[in-house]
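Report on the following structure.
What follows draws every value from the coordinates through simple rules; no lab data is involved. Owing to the predicted nature of the structure, the values given are computational and were not obtained by experimental measurement. When we count neighbours, we look across all protein chains shown, and the Cβ atoms used for this are built from the backbone with ideal geometry, even at glycine.
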Amino acid sequence: MMETLAAEIAGHASRMYRVALRIVGSMDAAQDVAQDACVKALRGAEKFDGRAALATWLHRITVNCAHDHLRKSRQMERGRADWDHDTMGMLAMLEAGPAKRAEQNETYRVALTLIAKLPDDCRSAFMLTQLDGYTYDEAAAIENLSRGTVASRVYRARQILMEQMNHHRAGEVP
């Protein structure tokens, strides 16, 4: 049974890494967070009751581990604002499919930078639903919020991103 669970968790490892990378902003730290999340999931296997999907449960563990990491390193305030250029490039490669990798452009990099600058609550809801592919209901379960709260945060994130992208295209610095 433990081998089966370990194999299932391993199947989610790349998604767990991407989630951690978005939160901690460092590739090395994201690897540590993802590994910690896998260990915690295996140790807490008896707590998984099947009410939520395994992916939802693992995502919540990963988010909690990432937040713990940020608290420990006292980077919660700076969060994702300190992302370096290499990390942003790696995130872009992870998010894009093979065809997209060839055509990554300035607009995509700007969009990722703007997403990193969203308020924490909006960024989390936006990334879960728009980048990670969770439904609003799944994102609500992960974040322990109502579906309506997730929807309003995604809406607010979209409004902020559209406004900032328009400023960028017009050559204005908001």
| message | Using all alpha carbons of the range 1-77, what is the percent of pairwise distances in each 5 Å bin, ordered from the shortest bin to the longest? | response | 3, 18, 30, 24, 14, 8, 4, 1, 0
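On full extension of the chain, what length is gained from Arg158 through Arg43, given 0.36 nm per residue of separation minus the C-alpha to C-alpha distance? List each step's numbers first, then the result.
On the way: separation 115, 0.36 × 115 = 41.40 nm, distance 3.78 nm.
So the chain would gain 37.6 nm between Arg158 and Arg43.
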| note | Given the candidates Leu70, Ala34, Ile9, the one whose Cα lies deepest towards the positive end of the charge dipole of the range 1-77, counting +1 at each Lys or Arg C-beta and -1 at each Asp or Glu C-beta, is Leu70
| task | With a point put 7 Å past each Cα toward its Cβ, work out how far Tyr108 is from Asp121 in nm, to one decimal. | result | 3.2 nm
| Phi-based couplings in Hz for the range 131-137 (Karplus 6.51, -1.76, 1.60; Gly and Pro marked x) | 9, 8, x, 6, 6, 4, 5
| remark: Assertion target for His59, His168, ordered by fewest C-beta neighbours within 10 angstrom first, is His168, His59
| Using θ = phi - 60° and the Karplus form 6.51 cos²θ - 1.76 cosθ + 1.60, what ³J(HN,Hα) does each residue of the range 156-161 get, whole Hz, x for Gly and Pro? | 4, 4, 4, 4, 4, 5
